[in-house]
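The values are calculated or read from the model by the stated rules, or taken from the named source; none is laboratory data. Keep in mind it's a predicted model, so treat the numbers as computed, not measured. FYI the Cβ positions are ideal-geometry reconstructions off the backbone, even for glycines, and counts take in every protein chain you see. With ligands, DNA and RNA removed, areas are computed over all heavy atoms of the protein, side chains included. Shrake-Rupley method; radii C 1.70, N 1.55, O 1.52, S 1.80 Å.
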Amino acid sequence: TGKAVLSAESACAIYRLRPKARGVSGTVKSHTGEIARTYGVTAKTIRDIWNRTTWAKDTKHLWTDEETQQYISQRARMSAKLDPTQNLPTWFAGAQ
């Protein structure tokens with residue numbers, strides 16, 4: 001069977017379910033599994049949304065200031081297409 005294709009709305013709903021603080025690893029793994037089953041995706045998909053690896057453009061409005069700074073730091077270390085003046089993805093740089 002194929003996996004579900006998420007919508008931006010689903011990605012935002014999943015992002016809102018992220019743990020606010022780092023908890024016990026087993027608890028987070030169990031939580032991601034439950035959410036993944038609900039949305040018909042893998043636990044990795046859930047973690048990728050929470051880690052802002054995927055769906056970042058659609059979840060950006062939900063990020064805290066600290067998460068925004070973490071994202072900027074992550075992207076500065078990656079080899080993605082970056083805005084040369086700000087070292088950010090071009091879609092992110094224009095939205096600030």
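Cβ-Cβ contacts under 8 Å between residues 6 or more apart (or on different chains), taken from a first residue in the stretch 33-54 that is open to solvent by less than 30 Å² (accessible area, probe 1.4 Å) to a second residue that is among the acidic types (Asp, Glu), are listed as Arg52/Glu67. Taking the stretch 49-77 as the range and being out of contact with any Asp or Glu (no Cβ under 9 Å at 6 or more places or on another chain) and not in a helix (DSSP H, G or I) as the test, the residues that pass are Asn51, Thr53, Trp63, Thr64.
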